[in-house]
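A short worksheet on the structure shown next.
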Amino acid sequence: MRLQIKNGVVFDPLNGISGEVMDIFIEDGKIVEECKAERIIDASGKLVFPGGIDIHAHVAGPKVTSGRILRPEDHRIGVEKRWNGIHSGTGFSIPSTRVTGYRYARMGYTTVIEAAMPPLEAKHTHEEMVSIPIIDNAALTLFGNNWNVMELVRNEDYDSLSSFIAWMLRTTKGFGVKLVNPGGVENWGWGKDVDSIHSKVLHFDVTPAEIIRSLAIVNDRLKLPHSIHIHFNNLGHPGNYETTLESMKLVEDLKGERQSMHATHLQFHSYGGEKWKDMCSKSEEIAKYINKHEHITADMGQVIFGDTTTMTSDGPMEFSLYKLSGRKWSNHDVEIETGAGIIPVFYSSKNAVNSIQWAIGLELGLLIEDPWKIFVSTDHPNGGSFLFYPYIISWLMSEKRRKRTISRIHQAVNSRAILGSIDKERDFNDICIMTRSGPARALGLHKYGKGHLGVGADADIAIYDIDPKDVDPSEESNKILKAFRLTHCTIKGGEIVSRGGEILSSVDGKTIWCNPYLRNDEFEKIRKRIERKFYLNYTVSLSNYPVFDAYVPNPMEIRIEVS
Amino acid sequence: MTLHTDVVCPFCGCLCDDIAVEVENNEIIEVKNACELGYSKIVNHLERYRSPMIRENGKLKEVSYDDAIEKIAEILSSSKRVLYYGWSNTTCEAQKIGIHLAELTGGVIDNTTSVCHGPSVLAIHNVGYPGTTLGQVKNRANLIIYWGCNPLAAHPRHLSRYTTYPRGFFRQKGYEQRYLVVIDVRETDTAKIANKFIKVRPNSDYAVINALRAILRGHEDVIPPEVGGVPKEELVKLVERMKSAEFGALFFGLGLTMSRGRYKNIENAIKLVEDLNRYTKFTLTPMRGHYNVTGFNLVCAWETGYPYGVDFSKGYPWYNPGETTAVDVLLRGDLDALFVMGSDPAANFPKEVLKKMSEIPVILIDPFPNVTSSFADVIVPSAINGVEAEGTAYRMDSVPIRLRKFIETDFLSDEEIMKRIYESVERRLKG
Amino acid sequence: MKRKVFLITGRTIDQGTSLETKTLESYFESACLCEMNEKLMKELGIQDGDAIKVMTEYGEVVVRAKRNDDNPQDVIFIPMGLWANLVIEPHTSGTGMPGYKGVDATVERTEEKPKSMMEILREYGGGDVK
């Protein structure tokens, strides 16, 4: 269908457009200069953004479904009935796949990056991504504890390492290189962890620092659109900000066309103190470093008060959380490659640590000055559901709203965090960057039609029922909250998929994946190299390991040519 | 002649994927590497239905696929409460459509989980699941425990491929570096080859696990001289062995899920493994029976939020095991039709269910005649998954593996049959 | 004479290999039997292959005795299947799972013959399978 969005107040930061009243034309799923529209959407007095992009969420795959099976109680809420050909579903922090897609779409999000795909179980991740309607998905393949990676890093064999990464991305149909507690999850195979980036991984004679730097180098050599995407060591431990700073410094010299490292859910990595008793915010130190350097992007990992489910490949961390909470605990080690842990959690506003955590996320969102470097996330569902993004936006835009929340939570937030002293407020342009254009650029997807509204871009568009000229976000934060919860309408690939919260059309989303160039002889060489070890160590055959084309019925393959 | 290697065995939850099959003129000449169960599954197709059938006046009459599918759609679209049961011997692709069909018609969908590891799932809901993929066990474990299961009979290659006998990266000497414990009420074949067999009185597993947990937590003094038929000193020794293992792996079967205590037994076993993780590395894995029973739990959980026993009569997924599970729904006489794919409930459910089955229309989709055929009003023969049709299955440790196809057939695949039924029912409901 | 025992049901290799050939004689042979140890057989005055009757609160079934000394003297084992289903506990106690194992039972020698699959099915309203 040919569409015209008329008189909208358009924000398109990647093309330097900020609040301009203009028309947008859509034909064949793309944005065009102009066309004869079959249908006109009147957007006067409404905010027009590119479709939202979630750079880091756990929405599909083995650990998400382990979480669902662990928590039937989470599915007693968030119940949606089957209606008019739209599927039913359940769940709040770990919703079933169908409603996951509907909820993102209602909120104006059209692309979501699944943050952790274990290669051995990559088919599972893909099966679920295909079951999530409307939104485009991509999955980050886990590398940080892979035996082959550690061995090649130890040998400083970067040629083979780049071939291996390329081969694995192709084999798993992955989008990028993810590291989770590098080395620590391998040690968890023996019930242990690593305590610093310089401690050796048991039996592998390699350190987390070496793994991080090597993968960053190889990632850039392969010219992948996204940088390495890292969940640092020591997540959630008091005093871990030093590990975070050290890890960021490891790749300081690698600045290329884009960042050389995406630091994910940074909130969980910005803690001072030695014990939970004196745990405090170190967001200032972290923000200072990122403000001074150009090689880091990050997402917030904002904590939301209430019940949620934590899930990560960081097995040892989840077990230590389980020992703290004593509720219930699932774990899933994946041979040769990675692990996973899941526990339910309740972030209480009466709890000192949780209140400080809440503050740190927002501190990072405000103190990291350049919105192109810090993006909105809850590390869904770890800090809270993605459904709370509108709350985060309203806090970022209104000091008054933050103050109001601060007054209602544990007062450690005033002594051990600094949010109360920050008066900065984000504007609509910043928010547009932090929720779509910034993630698009950090992911490299802006080159493939995401995160902007220029001619040729994918027609993924969110229209919100709010007029930036008519509202004072600082004073009227409730209006902001309301506007960002449900779009006036959401357009995905040129189709109107949601209007005022009602799903109109359940189109299939695409699977975005990267296929780095690898000469045939390199491909064969790396396959040969791992073949024997594969046979010895894995419990599936190499020929049954890949994600076959059948699992990606709707691919958006990004071929990367290396000159 | 064509040699197919790395074929996936569609029998049990081991999903061994190293089978070699020789095929000539579309016939299987030889099968290598498979166990007795897998061999017979792949080769023994002594009885097949020739075509779809509809029962008229008590006699089965051959009809076309189209007629059978229309008849099924007619039954489903005019019923108020259908149970869609089975799904453990089919692919995830077919399961997914089955779930959507249940949603479309407001029925109940359940799979064989409810009568095998259903109690394990209930326990996981309560306390969690400290699991692992099997390769982690192969490469690291030096203590293997089988409790209430007899893999040599039910999962014959489990020990040789995954746990006890293979060489692993950190266990280059294979079984010499491992210690095998079997705990059971009788001395099974697996018990006979164990380093240590511990015989438990029937229905006493819960007490034995409790004793182990108490000893582990330093309360040896409160344990009587014998628990569930096991002398105290054996329990103390076992706890020592568990604590000092570098990597321990506990596998459990229906001996725990089906006996007195049911899900409480599993809950206790899981807590034991969680407790052990405070001392060393320990994992737990249910010995899932059918080759894709695990797959159903996963597909159902991601599609609906719940792993089995889902009732769509409210228009959204509702789950209450014990109420929305197959045996319960059948015993209550709630149903006006039963749809079966990839299972044989008449051979596995208590006799009281048979009577109920005889009173309602029963639809059966399966490659082979089985006990349920006796009650079926429409029978649709399908291709054998993993031999004549491909698709996804999940191993007992949740590792997805794609079943291969190496024999051509005119039988429709489960996925294709489900697709056609869904479309026809949707058309009827709209019209 | 009668003897009180625990009844358990479960998988066997033979039952497993005949899963997909249930209308054949092999299914009858692999599932219409009851394993017990030699001492119990002596006590009951029976030999391998003799018919025995197993009775529980929920029903009774006649099956063939099969010697298996792996069993303790007070534990009998019937492979999963149609015959076992006549005597297991049907109630699920709110778990979805009937009582397939650890059912209190009595066992005795009998002159009755085991019923065939079709005999049982007809009793419960079943028809032809092909």
Test set (1) open to solvent by 20 Å² or more (accessible area, probe 1.4 Å); (2) within 25 Å of the chain's Cα centre (by Cα); (3) at pLDDT 95 or above - residue B:186 fails condition number: (3)
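Test residue B:207 against the stated conditions and say whether it is open to solvent by 10 Å² or more (accessible area, probe 1.4 Å) and under 23 Å from residue C:103 (Cα atoms). Steps first, please.
Values: open to solvent by 10 Å² or more (accessible area, probe 1.4 Å): yes; under 23 Å from residue C:103 (Cα atoms): yes.
It is true that residue B:207 is open to solvent by 10 Å² or more (accessible area, probe 1.4 Å) and under 23 Å from residue C:103 (Cα atoms).
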All positions within the range C:1-46 that are away from chain B (no Cβ under 13 Å), charged (D, E, K, R) and under 15 Å from residue C:109 (Cα atoms): C:2, C:3, C:38, C:39, C:42, C:43
Condition met for residue B:295 (outside the structural domain of residue B:143 (by TED's automatic domain parsing) and in a helix (DSSP H, G or I)): yes
Filter result for residue B:313 (open to solvent by less than 10 Å² (accessible area, probe 1.4 Å), closer than 25 Å to residue B:425 by Cα, among the polar types (S, T, N, Q) and in a loop (DSSP other than H, G, I, E, B)): no
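So which of A:177, A:201, A:149, A:185 ends up being assigned to a loop (DSSP other than H, G, I, E, B), among the aliphatic types (A, V, I, L, M) and either touching a Pro at 6+ places or on another chain (Cβ under 8 Å) or open to solvent by less than 30 Å² (accessible area, probe 1.4 Å) (or both)? Break it down into steps so the answer makes sense when it comes.
Working: A:177 fails: assigned to a loop (DSSP other than H, G, I, E, B); A:149 fails: assigned to a loop (DSSP other than H, G, I, E, B); A:185 fails: assigned to a loop (DSSP other than H, G, I, E, B).
Only one candidate qualifies: A:201.
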Among (1) over 26 Å from residue C:98 (Cα atoms); (2) more than 9 Å from every other protein chain (Cβ to nearest Cβ); (3) β-branched (Val, Ile, Thr), the one test that residue B:362 misses: (1)
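Can you pull out the strands (runs of 3 or more DSSP E) entirely within the range B:4-103 that have at least 2 residues that are within 11 Å of chain C (Cβ to nearest Cβ) and under 26 Å from residue A:130 (Cβ atoms)?
none
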Of all residues making up the range A:62-94, the number that are of a type in the set (D, E, K, R) and open to solvent by less than 30 Å² (accessible area, probe 1.4 Å): 4
Residue ID - most open to solvent (accessible area, probe 1.4 Å), chosen from residues in the range C:58-76 that are more than 7 Å from chain B (Cβ to nearest Cβ) and farther than 23 Å from residue C:123 by Cα: C:67
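Sort through A:502, A:531 and tell me the only one that's in contact with a helix residue (DSSP H, G or I) (Cβ under 7 Å, 6 or more places away or on another chain) and without any contact (Cβ under 8 Å) to a residue 12 or more places away in the chain.
Details: A:502 fails: in contact with a helix residue (DSSP H, G or I) (Cβ under 7 Å, 6 or more places away or on another chain).
Among A:502, A:531, only A:531 is in contact with a helix residue (DSSP H, G or I) (Cβ under 7 Å, 6 or more places away or on another chain) and without any contact (Cβ under 8 Å) to a residue 12 or more places away in the chain.
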Matching residues in the range B:323-359 - criterion: being within 7 Å of chain C (Cβ to nearest Cβ), in contact with a helix residue (DSSP H, G or I) (Cβ under 7 Å, 6 or more places away or on another chain) and open to solvent by 20 Å² or more (accessible area, probe 1.4 Å): B:331, B:348, B:351, B:352, B:358
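Just wondering, is there one or more residues in the range A:55-67 that are modelled with pLDDT of 95 or more and touching a Lys or Arg at 6+ places or on another chain (Cβ under 8 Å)?
Step one: of the range A:55-67, the residues modelled with pLDDT of 95 or more are A:55-67.
Checking the rest, the ones that are also touching a Lys or Arg at 6+ places or on another chain (Cβ under 8 Å) come to none.
No.
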Residue match in the range A:401-410 (condition: farther than 29 Å from residue A:313 by Cβ, open to solvent by 10 Å² or more (accessible area, probe 1.4 Å) and assigned to a loop (DSSP other than H, G, I, E, B)): yes
Unique match (being over 26 Å from residue C:13 (Cα atoms), surrounded by fewer than 23 Cβ atoms within 10 Å (Cβ to Cβ) and either touching a strand residue (DSSP E or B) at 6+ places or on another chain (Cβ under 6 Å) or away from chain C (no Cβ under 14 Å) (or both)) among B:217, B:260: B:217
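Within the range B:133-161, track down each residue that is touching a helix residue (DSSP H, G or I) at 6+ places or on another chain (Cβ under 9 Å), of a type in the set (S, T, N, Q) and buried (at least 24 other Cβ atoms within 10 Å of the Cβ).
Of the range B:133-161, the ones touching a helix residue (DSSP H, G or I) at 6+ places or on another chain (Cβ under 9 Å) are B:133-135, B:137-139, B:141-159, B:161.
If we keep only those that are of a type in the set (S, T, N, Q) as well, we get B:133, B:139, B:142, B:150.
Answer for the range B:133-161, where residues must be touching a helix residue (DSSP H, G or I) at 6+ places or on another chain (Cβ under 9 Å), of a type in the set (S, T, N, Q) and buried (at least 24 other Cβ atoms within 10 Å of the Cβ): B:133, B:150.
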Flag if residue C:102 is under 27 Å from residue B:206 (Cα atoms) and small (Gly, Ala, Ser): yes
Candidates A:355, A:330 - the one that is in contact (Cβ under 8 Å) with a residue 12 or more places away in the chain, facing chain B (nearest Cβ under 9 Å), open to solvent by less than 10 Å² (accessible area, probe 1.4 Å) and not hydrophobic (A, V, I, L, M, F, W, C): A:330
Filter pass, residue A:306 being open to solvent by 10 Å² or more (accessible area, probe 1.4 Å) and more than 14 Å from chain B (Cβ to nearest Cβ): yes
Positions within the range B:20-47 being surrounded by 14 or more Cβ atoms within 10 Å (Cβ to Cβ), out of contact with any Cys (no Cβ under 8 Å at 6 or more places or on another chain) and either without any contact (Cβ under 8 Å) to a residue 60 or more places away in the chain or within 23 Å of residue C:126 (Cβ to Cβ) (or both), in sequence order: B:20, B:22, B:31, B:39, B:40, B:43, B:44, B:47
Among (1) within 14 Å of chain A (Cβ to nearest Cβ); (2) at negative phi - the single one residue B:128 does not satisfy: (2)
Candidates C:36, C:55 - the one that is modelled with pLDDT of 95 or more and open to solvent by less than 10 Å² (accessible area, probe 1.4 Å): C:36
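Suppose the filter is at the interface with chain C (Cβ under 7 Å from one of its Cβ atoms) and at pLDDT below 95; does residue B:368 pass it?
Values: at the interface with chain C (Cβ under 7 Å from one of its Cβ atoms): yes; at pLDDT below 95: yes.
For residue B:368, the condition - at the interface with chain C (Cβ under 7 Å from one of its Cβ atoms) and at pLDDT below 95 - is met.
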Any chance residue A:472 is without any contact (Cβ under 8 Å) to a residue 12 or more places away in the chain and away from every other protein chain (no Cβ under 14 Å): yes
Subset of the range A:244-277 [under 18 Å from residue A:417 (Cα atoms) and either over 22 Å from the mean Cα position of the chain (by Cα) or surrounded by fewer than 24 Cβ atoms within 10 Å (Cβ to Cβ) (or both)]: A:272, A:273, A:274, A:275, A:276, A:277
Failed criterion for residue B:429 (all others in (1) touching a residue at least 60 places away in the same chain (Cβ under 8 Å); (2) open to solvent by 10 Å² or more (accessible area, probe 1.4 Å); (3) in a loop (DSSP other than H, G, I, E, B) hold): (3)
Residue in the range A:426-437 that is in contact (Cβ under 8 Å) with a residue 60 or more places away in the chain, assigned to a loop (DSSP other than H, G, I, E, B) and in contact with a Pro (Cβ under 6 Å, 6 or more places away or on another chain) present: no
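The values are calculated or read from the model by the stated rules, or taken from the named source; none is laboratory data. Predicted model, so just to flag it, every value in this text is computed and none were measured. Methodologically, a virtual Cβ is constructed for each residue, glycine included, from the backbone with ideal geometry; neighbour enumeration extends over all protein chains shown. We work out accessible area using only protein heavy atoms, side chains counted, and drop any ligands, DNA or RNA first. Shrake-Rupley method; radii C 1.70, N 1.55, O 1.52, S 1.80 Å.
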